[in-house]
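Before any comments, here is the structure.
The values are calculated or read from the model by the stated rules, or taken from the named source; none is laboratory data. Just so you know, these numbers come straight off a predicted model, no measurement behind them. Methodologically, a virtual Cβ is constructed for each residue, glycine included, from the backbone with ideal geometry; neighbour enumeration extends over all protein chains shown.
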Amino acid sequence: MTSRRRPPAGAAEPRAGAPDEASGIRTYRMVDRSDRLDFEIRDHTVRPPVVMPHRHEFFQIEANVSGEAHHVLAGKRCRYPARSLIFILPYRVHYAAHEPGASEYYVINFATNFLRHDFDLSPLDMEEASIAEYPELTPFLYEGHVDFVFGERDFRHVLALLQHLAVLHRDRKLGTIERIRGALLELIGFTVERYADELEALSGRRVYMQGRTDALRRVLKFIDEHLQRDISLNEVAEAAFLSPNYLSQLLKKQTGMAFVEWLTARRMERAQHLLSHTGERIFAVANAVGFADEAYFTRRFRQRFGQSPSGYRKAMRGS
């Protein structure tokens, strides 16, 4: 296996939530906005919202319980009235603005593989995913095309689910994660059921395919298939039939990350999956995601997630 080279001495590590230099748009990680790396729910009293356009690497659901608000997704202002939900796919530029002091809302953040252990789709793959194969993605795919607003009776059920999730999250013990997944799927499924006709019509028109690029899909696929070894920008560009400069711009525009940042993020996400769902030793996990040096892998993992690989594995198995 080809060794993965360390960065040059003195090279800066990407900062948490670092902004896109061209646009000032930040990309947040779970460790930046959540107390846990798998799932979190909080209400409006816990942490100030991000009120500027931003991206995040995780899924997000917001629930506006009461008060005036609006939501901006990819530059488009959308309705976000009381008794409504919004569903945000990873890496979509958005923000929600609530009336100060008069709004009540919940925010749910969860890792990309929280609902399904086999979920390993890139952002473009997510937007192309079949709702028959990935029904839990449905409201995320069509956010911006459908306003998920509920009547009083239906929203009482939504609010009860949110409150139940908050209690489960607060009082975690053995078996709680499975109950959280169940309640989260009920929230998603209830929404899809209420808007089934509109969502099926949108699926039939394949509106999520708008703006897709085959070139970027080839890039992300190549990266995911070669995480176990050194990958250079030039090599990926050649595999995708692009110039390195064009590839850099395309990846930055679509994900908010430079090539090396995206590659590192995918390596770390794969490492999370292996640590959570296999018994591979730490050095084997490091090698599988392109690190020849276990100590260097451990240091990078800790920088990104705030804990060691062994600590992360122990926390996931004890959740």
In the set Leu165, Leu137, the lone residue that is at pLDDT below 95 and assigned to a helix (DSSP H, G or I) is Leu137
Among the numbered conditions (1) buried (at least 19 other Cβ atoms within 10 Å of the Cβ); (2) closer than 30 Å to Ser276 by Cβ, tell me where Glu178 comes up short.
(1)
As an exercise: evaluate Val93 against (1) modelled with pLDDT under 90; (2) among the β-branched types (Val, Ile, Thr); (3) more than 27 Å from Ala258 (Cα to Cα); (4) surrounded by 16 or more Cβ atoms within 10 Å (Cβ to Cβ) and give the number of the one condition it does not meet.
(3)
Anything in the stretch 101-115 that is farther than 14 Å from Glu269 by Cβ and either of a type in the set (D, E, K, R) or surrounded by 16 or more Cβ atoms within 10 Å (Cβ to Cβ) (or both)? List them, or say none.
Ser103, Glu104, Tyr105, Tyr106, Val107, Ile108, Asn109, Leu115
Picking from Ala132, Ala160, which residue would you name as being outside the structural domain of Val219 (by TED's automatic domain parsing), surrounded by fewer than 19 Cβ atoms within 10 Å (Cβ to Cβ) and at pLDDT 95 or above?
Ala160
Please indicate, with yes or no, whether at least one residue in the stretch 227-234 is surrounded by fewer than 15 Cβ atoms within 10 Å (Cβ to Cβ), in contact with a Pro (Cβ under 6 Å, 6 or more places away or on another chain), at pLDDT below 95 and not assigned by TED's automatic domain parsing to the domain that holds Phe148.
yes
Within the stretch 22-79, work out how many residues are assigned to a loop (DSSP other than H, G, I, E, B) and touching a Ser or Thr at 6+ places or on another chain (Cβ under 6 Å).
1
If you take just the helices (runs of 4 or more DSSP H) that sit entirely in the stretch 280-319, which of them hold at least 3 residues that are closer than 21 Å to Met30 by Cα and in the same structural domain as Phe222 (by TED's automatic domain parsing)?
294-305, 309-318
A careful count of residues in the stretch 142-162 that are part of a helix (DSSP H, G or I) and either of a type in the set (A, V, I, L, M, F, W, C) or touching a Leu at 6+ places or on another chain (Cβ under 7 Å) (or both) gives 6
